[in-house]
Amino acid sequence: MASPPYSLPPVLTERWSAVRWPATAGRRTLTRLALSAPYVVLAVWLQARGVHSLPNAQLERVAGSLSRPGATVGAVTRAFPPLGPAIARLLPGGPGTLGIVGALGAGAVLHLCWERLVRASVPRWLIVLLLAGVGGSPIFWYNATGNLVGFVGLIAFVVAAAGLLDFLYLGRTTGGYAAGLSMAFAVLCDPAALVYALSMAIAIPFLGWERFRGEPIAILSAVAVVVFPTVAAVTAWAFLEWRFTGTVNHSLLFASGAFGFPAGLAGGLRAAASHVGWELTCAPVFAVGAVSLLPRRPMAAVGLLAVPLDLVLTAWFGLHAQTGQGIVLLSIVGLMAVPSRPNRIIAAVLAVEAVAGAVCTVALSDVGGTAHLLRAMGL
Amino acid sequence: MPQSRGQEAALDRTAAAALPTRAGAPLTADRIGEALVTSGRISRTQLDWALGVQRRTGSRLGAILLAAGLVSRPDLYQTLAEQWGVPYVDVTKVPLGMSTWEHLDPARLARELWVPIGRRRDGTVVVATSQQPTAERRAEIEEELQRPVVLMATTDWDVDYGLRNLFRDQLLDAASHGLWRNDKEHSARTVVTKRQGAVLLACLLALIGSAIAAPGPTVAVCSAIIACGFLVSVGFKFVVCLVGAYHETFVQVTDEEAAAVGDAELPMYTILVPCYREANVVPNLMANLAALDYPPEKLEVLLLLEEDDEETRAAATAARPPATVTFVTVPRGQPQTKPKACNVGLVFARGEYLVIYDAEDQPDPDQLRRSVAAFRKGGPSLVCVQAALNYFNAEENALTRLFTLEYSFWFDYMLTGLSAMRLPIPLGGTSNHFRTDELRLLGGWDPFNVTEDADLGIRAAALNRRVGVVNSTTFEEANNAYRNFVRQRSRWIKGYLQTTLVHLRHPVELVRSVGWRQAIGFALLIGGTPISFLAMPPLYLLLAVSLLLPPSAMASVYPGWVLWTSLANFLLGNALMVYVSMMGVFKRRRHRLVLWALLNPLYWLLHAVAAYKALGQLVFRPHYWEKTDHGLTSVQPPAGPH
């Protein structure tokens, strides 16, 4: 019998530690550090060789411009998204340090995926293979060590996605907080996250279809609690920008080169779709994850389509500039979509696609910043 | 007042039968049960049923029969008197005088269930008791009175009646001034100490001086301080809520743990229900208490009725309460507050545990069982657990919706977070469950503090006791009238200000006794809450001015950074509060209320009005109790368990 709407929610007898992996905070930290070690080594090595990525160097320049004598409040207010420059201002050591910070974040992302796969009772060998497929790709190396703003935004999105699944499937409002706050954080790091938030809002009705069946108001409120922090952050920033500079969206959109549509609207859309198609090819785990989810949670599988749709929009709007960020995003979402206790067939397909994905990303990563990184590494 | 010869004669006649020189054998259930059957007061079937209940719950047979309404109190105690071989006395019909009993402690007598009701010509004291009058008992009473005694049987109600009448002034004084006499430092009777007054005056003078000398910078600095203080206070709450959310998977007492406490293990539980001019909600109260899943014979409901409140008394009588409900008359006198009434009730409380409910409360049926389990799980240092409060009339109007938003985050996230962080917990107005003995050791409630519950929670922490939360809900009536709301809220905010002033009298000692973390937590929560409400109007004003004037025009008073920071803090603080409110109602599955959280900034304006009223009252009427009207809702509370 359904309980009245105002009673306490069903009791969750499971302690949070029981669903964390590893169970203790200390071990989780050690796991994250261990997973990030290769990327830290790479970042340190790159720093020692004086190799700096363009995005991190650019971030340092923006941060430096904010500290110029005579800088006004208006200049600060135009520095959207503000968290990247703020991080860069706080961290000494220039672009190299930014690379190390991103490398540390890589461990956190991989740990989060690992934890989710453990909770989904995916076999250990397959977890290792899947994570190696994602974390071992040069695109991931590049984003971790060379694109702090984009990568931090991506980490925030991953945390948000994991939280959203807890929120919608397990009824944990902790997950709702994680989803909402992480998305706001992501937007304050990377304007592209605005579209991630949009995709999340689109996906919620599908992902929450089973839980909120027959309760449209519950779906609406779930969307509201997840997107509110993002909307509040952007609106508040826009208000401050308007009061102090007189423009509302100067920093938010145009400063990042968005909405230029150099190839025209239709041409831009075609190019964006083609670009995302290429990214999907490089991230077969997404397709496998979505398809394997179809028999168990068909609506959730449909909801996953919001992610490529979001990537098309970001590419079309010109918000999404860094090499391979979409591939990493799709791969991680694919990992999150791996169904619980996959049968042998799904496990085998996942294993094959993990290898295929790794081959694809290696083969197709000789572009942009990744190519620069590989050349620096002598590969 | 000396007794008259007539009184003495009456007592002599009543006590004609002398006590047996040797106490009789201990009464067994069978003996009293058989006696009641033999005397025709109950039937054999009723006795068998009661014995069955006794085997299950371990309760006393008399208590079972009383609670079930199968026998009246006088009938039961008259039968007991016959069994005990002592005369029965109806204390309500005996003229009482107090001339020589002032040295006695009525609280102790209430616990030991005896009362001296007069003195015979030969100097023997006549004592009425509702406990078996054994020789040991008589010896103890004689030692206390320093005179020979004659014991008579009476009902427990008669004992209480006698104590209330004999010790009226003593009870009133203890309830009103007990804490102040025993522990002045924790009493809000003194609003501001001399030292605090000096500090406040110095701050005020410094502010005035700097405003005259440098008005622009003073405004800017004050504005920055207000904005930062606002954000720190709100930020603290937000962090605590996040911790509370993180701990939502930790259930204080699981359903299995609550169910595992068998009826036989359940202790006596006292429920205090202070009522004042609440005749309209008393019938609901009886129904709600009857819904509690607890052996009725182990319940003691003390309905605390003010001496001058005939209307509520009449309504309560008309509701035909069961025998577990006792009317306790609270002597009239200042301050006429709920905590004073509760202190009177505490004197007569005989339960191992005690809880306070308001007259309109609708607790979860298993709340008492769950609390017993929580106490057993929490160990002896846990002296109090607070149940969550929420509203049954949440969607009555905009105010009740916003009130529900606030309560949902407060009780479901904040208190859980505070408990998890081992920070002081300000108790809510009702549904605080105590270990009764520990509550007495804490000194009971401060009748001069208008949020006596919040103060008690903090005092418990200051005295190194632990206050926790229990995962059970009491549904109340949300205030649905704006003026009534402001009255209620101004009392709460004034109480928080009082509590802040009381516990910050010796800040260094506070830090030494509870540590930095708890002291800062207390300051941010109890002190920060009124401050954040008081900060709202200046921040709104700043927002309005900044909308009308460009920042460059304000630069002479507000340097760009100050204005930017102030506005950013204000926006961020409001967004955080909107967000936790949204999450709170989402957790409660009141999905229709989620978007109402966007109106939270307006709701806070109401708080601001109440806060300034509270500040004014703190200065001019510090101990005045703003009475909240209940029973205004047109929404019927849902029947049955939630």
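The values are calculated or read from the model by the stated rules, or taken from the named source; none is laboratory data. Predicted, not measured: the structure shown is a model, and the values here were computed from it. Neighbour counts are summed over all protein chains in view; Cβ atoms, including those assigned to glycine, are modelled from backbone coordinates with ideal geometry.
Looking at this structure, is B:Ala264 in contact with an Asp or Glu (Cβ under 8 Å, 6 or more places away or on another chain), assigned by TED's automatic domain parsing to the domain that holds B:Thr329 and small (Gly, Ala, Ser)?
Numbers: in contact with an Asp or Glu (Cβ under 8 Å, 6 or more places away or on another chain): no; assigned by TED's automatic domain parsing to the domain that holds B:Thr329: yes; small (Gly, Ala, Ser): yes.
The answer is no for B:Ala264.
Scanning the stretch B:544-559 for residues that are farther than 15 Å from B:Val219 by Cα, more than 9 Å from chain A (Cβ to nearest Cβ) and not aliphatic (A, V, I, L, M) turns up just one, B:Ser552. In the stretch B:444-498, of all residues being of a type in the set (Val, Ile, Thr) and modelled with pLDDT of 95 or more, the one that is nearest to B:Glu396 (Cα to Cα) corresponds to B:Val486.
Residues of the stretch B:440-452 that are in contact (Cβ under 8 Å) with a residue 24 or more places away in the chain, surrounded by fewer than 24 Cβ atoms within 10 Å (Cβ to Cβ) and among the aliphatic types (A, V, I, L, M): B:Leu442 alone. B:Gly527 satisfies every condition listed in (1) assigned to a helix (DSSP H, G or I); (2) facing chain A (nearest Cβ under 10 Å) except (2). From the list A:Val307, A:Val285, A:Val276, A:Val312, the lone residue that is among the hydrophobic types (A, V, I, L, M, F, W, C), in a helix (DSSP H, G or I) and within 22 Å of A:Val122 (Cα to Cα) is A:Val285. Of the residues making up the stretch B:109-131, those that are modelled with pLDDT under 90 and surrounded by fewer than 19 Cβ atoms within 10 Å (Cβ to Cβ) number 5. Cβ-Cβ distances below 8 Å connect the following pairs, each with a first residue in the stretch B:586-597 that is at the interface with chain A (Cβ under 7 Å from one of its Cβ atoms), a second residue that is aromatic (Phe, Trp, Tyr), and a separation of six or more residues or different chains: B:Lys587/B:Tyr413; B:Arg588/A:Tyr6; B:Arg589/A:Tyr6; B:Arg590/A:Tyr6; B:Val594/B:Phe586.
Just one of the listed residues (B:Thr326, B:Thr270, B:Thr337, B:Thr312) is touching a Lys or Arg at 6+ places or on another chain (Cβ under 8 Å), in the same structural domain as B:Gly495 (by TED's automatic domain parsing) and more than 23 Å from B:Ala388 (Cα to Cα), namely B:Thr312. Among the residues of the stretch B:381-401, the ones that are assigned to a helix (DSSP H, G or I) and of a type in the set (Gly, Ala, Ser) come to 1 in all.
Sub-8 Å Cβ pairs linking a first residue in the stretch B:349-365 that is closer than 18 Å to B:Pro267 by Cα and assigned by TED's automatic domain parsing to the domain that holds B:Ala259 to a second residue that is buried (at least 24 other Cβ atoms within 10 Å of the Cβ) and among the small types (Gly, Ala, Ser), at least 6 apart or interchain, are B:Tyr353/B:Ser371; B:Val355/B:Ser371; B:Val355/B:Ser431; B:Ile356/B:Ser431, ordered by first then second residue.
Does A:Gly246 satisfy the condition of being within 14 Å of chain B (Cβ to nearest Cβ) and among the small types (Gly, Ala, Ser)? The answer is yes for A:Gly246.
If we keep just the residues of the stretch B:243-284 that are among the hydroxyl-bearing types (Ser, Thr, Tyr) and in a strand (DSSP E or B), which is nearest to B:Asp309 (Cα to Cα)?
Here is the first cut: in the stretch B:243-284, the residues among the hydroxyl-bearing types (Ser, Thr, Tyr) are B:246, B:249, B:254, B:269-270, B:276.
Restricting the remaining residues to those that are in a strand (DSSP E or B) gives B:269-270.
On the way: B:Tyr269: 26, B:Thr270: 22 Å.
The selected residue is B:Thr270.
Within the stretch B:285-299, can one find any residue that is touching a His at 6+ places or on another chain (Cβ under 6 Å) and either modelled with pLDDT under 90 or within 14 Å of chain A (Cβ to nearest Cβ) (or both)?
Scanning the stretch B:285-299 turns up no residue that is touching a His at 6+ places or on another chain (Cβ under 6 Å) and either modelled with pLDDT under 90 or within 14 Å of chain A (Cβ to nearest Cβ) (or both).
Could you check the stretch B:321-380 and list, in sequence order, the residues that are of a type in the set (Ser, Thr, Tyr), part of a strand (DSSP E or B) and touching a Ser or Thr at 6+ places or on another chain (Cβ under 9 Å)?
Let us first name the residues in the stretch B:321-380 that are of a type in the set (Ser, Thr, Tyr), namely B:324, B:326, B:329, B:337, B:353, B:357, B:371.
In the following step, the residues that additionally are part of a strand (DSSP E or B) were identified as B:326, B:329, B:353.
Within the stretch B:321-380, just B:Tyr353 meets the criteria.
Scanning the stretch A:186-229 for residues that are among the hydrophobic types (A, V, I, L, M, F, W, C), surrounded by fewer than 24 Cβ atoms within 10 Å (Cβ to Cβ) and not in a helix (DSSP H, G or I) yields A:Trp209, A:Phe212.
Please verify whether B:Leu399 is at pLDDT 95 or above and either more than 14 Å from chain A (Cβ to nearest Cβ) or touching an Asp or Glu at 6+ places or on another chain (Cβ under 7 Å) (or both), treating the condition exactly as stated.
Values: at pLDDT 95 or above: yes; either more than 14 Å from chain A (Cβ to nearest Cβ) or touching an Asp or Glu at 6+ places or on another chain (Cβ under 7 Å) (or both): yes.
Against the criterion (at pLDDT 95 or above and either more than 14 Å from chain A (Cβ to nearest Cβ) or touching an Asp or Glu at 6+ places or on another chain (Cβ under 7 Å) (or both)), B:Leu399 qualifies.
Can you confirm whether the stretch A:210-218 contains a residue that is within 13 Å of chain B (Cβ to nearest Cβ), more than 30 Å from A:Arg49 (Cα to Cα), of a type outside the set (D, E, K, R) and in contact with a Lys or Arg (Cβ under 6 Å, 6 or more places away or on another chain)? Checked against the condition, which is being within 13 Å of chain B (Cβ to nearest Cβ), more than 30 Å from A:Arg49 (Cα to Cα), of a type outside the set (D, E, K, R) and in contact with a Lys or Arg (Cβ under 6 Å, 6 or more places away or on another chain), the stretch A:210-218 yields at least one hit. Cβ contacts < 7 Å: first residue under 9 Å from B:Ala478 (Cα atoms), restricted to the stretch B:396-409; second residue in a helix (DSSP H, G or I), any location; separation 6+ or different chain. Result? Correct list of pairs: B:Leu399/B:Tyr482; B:Leu399/B:Phe485; B:Arg401/B:Leu593; B:Arg401/B:Trp596; B:Thr404/B:Val585; B:Thr404/B:Leu593.
Yes/no per residue for (1) more than 13 Å from every other protein chain (Cβ to nearest Cβ); (2) over 28 Å from B:Met554 (Cα atoms); (3) among the aromatic types (Phe, Trp, Tyr); (4) touching a residue at least 60 places away in the same chain (Cβ under 8 Å):
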{"site": "B:Gly216", "(1), (2), (3), (4)": "yes, no, no, yes"}
{"site": "B:Val219", "(1), (2), (3), (4)": "yes, no, no, yes"}
{"site": "B:Ile225", "(1), (2), (3), (4)": "yes, no, no, no"}
{"site": "B:Phe230", "(1), (2), (3), (4)": "yes, no, yes, yes"}
{"site": "B:Ser233", "(1), (2), (3), (4)": "yes, no, no, yes"}
{"site": "B:His247", "(1), (2), (3), (4)": "no, yes, no, yes"}
{"site": "B:Ala260", "(1), (2), (3), (4)": "yes, yes, no, yes"}
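Would you mind stating whether B:Leu618 is touching a residue at least 60 places away in the same chain (Cβ under 8 Å), under 25 Å from B:Gly429 (Cα atoms) and surrounded by 20 or more Cβ atoms within 10 Å (Cβ to Cβ)? Spelling it out, B:Leu618 is indeed touching a residue at least 60 places away in the same chain (Cβ under 8 Å), under 25 Å from B:Gly429 (Cα atoms) and surrounded by 20 or more Cβ atoms within 10 Å (Cβ to Cβ). Annotation: of all residues in the stretch B:402-429 being outside any loop (DSSP other than H, G, I, E, B) and β-branched (Val, Ile, Thr), the one that is farthest from the other protein chains (Cβ to nearest Cβ) is B:Thr416.
Residues in the stretch A:291-305: is at least one under 30 Å from A:Gly264 (Cβ atoms) and in contact (Cβ under 8 Å) with a residue 40 or more places away in the chain? Steps first, please.
Pass one, the stretch A:291-305, residues under 30 Å from A:Gly264 (Cβ atoms): A:304-305.
Subsequent filtering for residues that are in contact (Cβ under 8 Å) with a residue 40 or more places away in the chain retains A:304.
Yes, because at least one residue in the stretch A:291-305 is under 30 Å from A:Gly264 (Cβ atoms) and in contact (Cβ under 8 Å) with a residue 40 or more places away in the chain.
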